[in-house]
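The values are calculated or read from the model by the stated rules, or taken from the named source; none is laboratory data. Not measured: the values here are computed from a predicted model. Cβ atoms come from the backbone with ideal geometry, glycine included; neighbour counts cover every protein chain shown.
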2 protein chains.
Amino acid sequence: MSKVITPRDTDYSQWYNDIILKAGLADYSAVRGCMVIKPYGFALWEHMRDQLDRMFKETGHQNAYFPLFIPKSFLSKEAAHVEGFAKECAVVTHYRLKNDPEGTGIIVDPEAKLEEELIVRPTSETIIWNTYKTWIQSYRDLPVKVNQWCNVVRWEMRTRLFLRTTEFLWQEGHTAHATSEEAIDETVQMLNVYAQFAEEWMALPVVKGVKSANERFAGAVDTYCIEAMMQDGKALQAGTSHFLGQNFAKAFEVQFADKQNKLDYVWATSWGVSTRLLGALVMAHSDDDGLVLPPKLAPIQVVIIPIFREASQKKIIDEKVKEFCADFKAREIRVVYDEDDSNRPGWKFAEYELKGVPVRIAVGARDLENSSVEVARRDTKEKMSVSVEGLADTIALLLSHIQENIYQKAMAYRDSHITRADTWEEFVDILETKGGFVSAHWDGTSETEDQIKELTKATIRCIPLNNPVEEGKCILTGKKSTERVLFARAY
Amino acid sequence: MSKVITPRDTDYSQWYNDIILKAGLADYSAVRGCMVIKPYGFALWEHMRDQLDRMFKETGHQNAYFPLFIPKSFLSKEAAHVEGFAKECAVVTHYRLKNDPEGTGIIVDPEAKLEEELIVRPTSETIIWNTYKTWIQSYRDLPVKVNQWCNVVRWEMRTRLFLRTTEFLWQEGHTAHATSEEAIDETVQMLNVYAQFAEEWMALPVVKGVKSANERFAGAVDTYCIEAMMQDGKALQAGTSHFLGQNFAKAFEVQFADKQNKLDYVWATSWGVSTRLLGALVMAHSDDDGLVLPPKLAPIQVVIIPIFREASQKKIIDEKVKEFCADFKAREIRVVYDEDDSNRPGWKFAEYELKGVPVRIAVGARDLENSSVEVARRDTKEKMSVSVEGLADTIALLLSHIQENIYQKAMAYRDSHITRADTWEEFVDILETKGGFVSAHWDGTSETEDQIKELTKATIRCIPLNNPVEEGKCILTGKKSTERVLFARAY
């Protein structure tokens, strides 16, 4: 079977799909816009999920689980929210099938129609705030800091593996607070958790910022986000954290008595990241030979491949590899010894490169006579002869170097793709030729943002946090502006 | 707020609901038959899930994720399967909402009707076997050993917290094999994994057996199960493992080429346990003061409560408790120090009993002067004075004693509730008075089983594995029988 990947420069989009399908991360499914996450892709997601979950728990959050279905009337209670989600909802209208009396097979039983339709959750603010109403009466019940890991459904017209699928997996945190300040602190704290996760674990540098009104979450007062840069110069929103003000508390009548026994509406946040991060991981680091995975998240960090001609050599190799594996496991290095004899070493080399395994160790009988093995890095493709003495230590260090190198490489690309534009011509030219983020002045209005999007397909990705004040003129209208914002074409 | 629990003997069903609601495991939701799993209940589920997941991985399984939605036509491909599930399906018929032009609010957009309706998965055999078709061509692709953790929906008419809810969380393993023998071995292996988990982790003794045809999974050749006994003498099916033969491979045309290049249909298994296990855990061990949790699964294994009058005493206690907690954590004992001063010690004692925390340690200033603390067991309610020397070791040992004691207690109850019946009168009398499992002869026909169910509400829970051969006569019809089976009324 051919596992040739379309080169990135030939067709970026096909290159991306090829990697996902051929490295065994995911598959298309029989259900429109839904994908199957295959074991290798899911193992990667498990590592991401487990680390995020640890970070959520360290910041005082607990997991819970709320219903998949949302009564239609709930969705309508927050005006901006329903406006944002109504057009992409999967709707359950019936609860039974039956045999067609006319013999055409199984049909929906028209007598089993629901009195009120149920929406498959596109996000859970409404059902959760309807629940919080029963949990929260007094300031003593606050804060509530809950997260859930679940599936959500948004009926997208154009889908793309991981980046935009009808169903996806995510986590959604929903917190309730007594004051606006505390809720804003929580929003920012979770943005920082996401940024730290992206940078330290995914090796993905991100810009932290705030969305413009156009790009804000439906129902939020402010949406904070982390924005990453892909290798084709397009931006990707990797996570969002929303300050919801009292919007949902008002929609669902959630009030609390403060210490003076005065009633007030509760302050809210919500924040989420999804399997979309897997798409970002693929796009940010991979090359024409396949995936490049940061060691901290790689399901397999090290693969060992035996090189031999005779059974007697294999036996010597096996014994030595057994020692290596024990040492690696003691250091919690995830290692696989691939001694499957139905594939040749060359085939295996290509296969593990495709799968993005950070380190490959070829153990040959001759090398062992010299007490060495051949170590290859996936990120730089360097090969080196390494002593078997202290091999686990050497590899542990190498894995941390690879993690750092992948991050630095992505950072260098990202930094070289933030370009200032001071005229409309420059602005358009950068978008058309170089891509990346364009740092430019904007007059602050939705109309101008809409117009720029219409003309260039670029949107405001974010207004960076701690943005320096700078006098300037809007790139399009020439009106006064006090700061630059980041524009880009985006996924 | 009153947290009084209805006594078990007064109203078993209300006792069960009271514990779940008042211990904070779950809540009813606004969606019919769906529940909210609250943080404490979800933490319990996380411990169960994580341990099961480890056991699945140790037996060579990998996790993956398949779509929530199943095209209606897929469900119909296996005749027995659709017959079993058609009557309880949530059906998605539309993918958009819109503003009613007549101004009544948000309505389902009639123009956004799906060409083919989608079923919210009640179980995933069909969508998974449709996928396996593309994964499996040759014997080299086998076995496939995949599991998924997900939510499923079955539109139950009568629901009950954890035991029977419209939506529930579960895992479903789906494996594919080259031979019937290998598939049967897998089915039995996973039954044993479930039994081991129930007994060693949930402290829940189970009977392993095979279902009669009436109780078999829709689409299975054989359904293996573990059956547990609750404190009201009713049985509860705690997990099932199905040998599916070639039924789904035939329905979805999944064939493989064997070593001789001959095509054959693939052999299948599926197996699952769900959040229903949380209901079993509550029902099997709890008492009139609340939950009793086996230490291995308890989110909090030890709670420490300070007893003092003056701030100076509290300071001494704090210092000592800090040491205890460090020692406990070093031994991976999950400990909480509850120094919240808004509640009195007596209130806390009751609260943690309600929550089933296995060990409570009261640390008083006076006790400390004598280098001792007061330790209370949740299972037996015993209190004892324990030396602070080597406290962590003492507690670790105590936790394992509690785990064992809870198991032995449940085992004694279960064993004393397996009763032989040789006449119809005995059979009915046992069911009416004592309850529990009734071990009796049966003529092996579905008709007789139906009739017995009709007359007594008892069903055949299982034909135990390694059942001794014994000549006898069917309890109802008097026809010849060669073995006893276990009847019971069940959840």
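Scanning the range A:9-27 turns up no residue that is crowded, with 23+ Cβ neighbours inside 10 Å, of a type outside the set (A, V, I, L, M), within 14 Å of chain B (Cβ to nearest Cβ) and not in a loop (DSSP other than H, G, I, E, B). Suppose we keep only residues that are within 17 Å of B:W271 (Cα to Cα) and in contact with a helix residue (DSSP H, G or I) (Cβ under 8 Å, 6 or more places away or on another chain) within the range B:61-78. Which one would you say is surrounded by the most Cβ atoms within 10 Å (Cβ to Cβ)? Across the range B:61-78, the extreme among qualifying residues is B:F66.
Scan the range B:432-444 and tell me whether some residue there is touching a strand residue (DSSP E or B) at 6+ places or on another chain (Cβ under 9 Å), over 22 Å from B:V210 (Cβ atoms) and surrounded by fewer than 18 Cβ atoms within 10 Å (Cβ to Cβ). Yes, the range B:432-444 has at least one match.
Considering A:S29, A:S76, the condition of being free of Cβ contacts under 8 Å to residues at least 40 places away in the same chain, small (G, A, S), under 30 Å from A:V221 (Cβ atoms) and touching a strand residue (DSSP E or B) at 6+ places or on another chain (Cβ under 6 Å) is satisfied by A:S76 alone. Within the range B:51-106, the set of residues being among the basic types (K, R) and more than 24 Å from B:W149 (Cβ to Cβ) comprises B:K72, B:K77, B:K87, B:R96, B:K98.
Inside the range B:84-112, residues that are within 7 Å of another protein chain (Cβ to nearest Cβ), touching a helix residue (DSSP H, G or I) at 6+ places or on another chain (Cβ under 9 Å) and at pLDDT 90 or above make up a count of 9. Restricting attention to the range B:31-60, the residues that are crowded, with 18+ Cβ neighbours inside 10 Å and either among the polar types (S, T, N, Q) or part of a loop (DSSP other than H, G, I, E, B) (or both) total 5. Please verify whether the range B:304-326 includes one or more residues that are in contact with an Asp or Glu (Cβ under 7 Å, 6 or more places away or on another chain), within 30 Å of B:W170 (Cα to Cα) and in a strand (DSSP E or B). So far as the range B:304-326 goes, no, none of its residues is in contact with an Asp or Glu (Cβ under 7 Å, 6 or more places away or on another chain), within 30 Å of B:W170 (Cα to Cα) and in a strand (DSSP E or B).
Evaluate the range B:128-135: report whether one residue or more is touching a Lys or Arg at 6+ places or on another chain (Cβ under 6 Å), more than 27 Å from B:N214 (Cβ to Cβ) and outside the structural domain of B:T269 (by TED's automatic domain parsing).
No, the conditions are met nowhere in the range B:128-135.
When B:E425 is tested against (1) within 23 Å of the chain's Cα centre (by Cα); (2) closer than 30 Å to B:V485 by Cβ, just one condition goes unmet, and that condition is (1).
Answer yes or no: is there a residue in the range B:286-300 that is surrounded by fewer than 22 Cβ atoms within 10 Å (Cβ to Cβ), modelled with pLDDT of 95 or more and of a type in the set (A, V, I, L, M).
Yes: one or more hits.
Scanning the range B:435-455 for any residue that is more than 30 Å from the chain's Cα centre (by Cα) and within 25 Å of B:Y413 (Cβ to Cβ) turns up nothing. Is it fair to say B:S342 is outside the structural domain of B:L25 (by TED's automatic domain parsing), hydroxyl-bearing (S, T, Y) and on the phi > 0 side of the Ramachandran plot? So B:S342 fails the test. Within the range B:28-59, the set of residues being of a type in the set (A, V, I, L, M) and facing chain A (nearest Cβ under 10 Å) comprises B:A30, B:V31, B:M35, B:V36, B:I37, B:A43.
Residues of the range B:125-133 include none that is within 11 Å of another protein chain (Cβ to nearest Cβ), among the hydrophobic types (A, V, I, L, M, F, W, C) and surrounded by fewer than 22 Cβ atoms within 10 Å (Cβ to Cβ).
Testing B:N147 on (1) out of contact with any Ser or Thr (no Cβ under 8 Å at 6 or more places or on another chain); (2) at the interface with another protein chain (Cβ under 8 Å from one of its Cβ atoms); (3) within 17 Å of A:N151 (Cβ to Cβ), one condition comes back false. Which one is that? Against the list (1) out of contact with any Ser or Thr (no Cβ under 8 Å at 6 or more places or on another chain); (2) at the interface with another protein chain (Cβ under 8 Å from one of its Cβ atoms); (3) within 17 Å of A:N151 (Cβ to Cβ), B:N147 comes up short only on (2).
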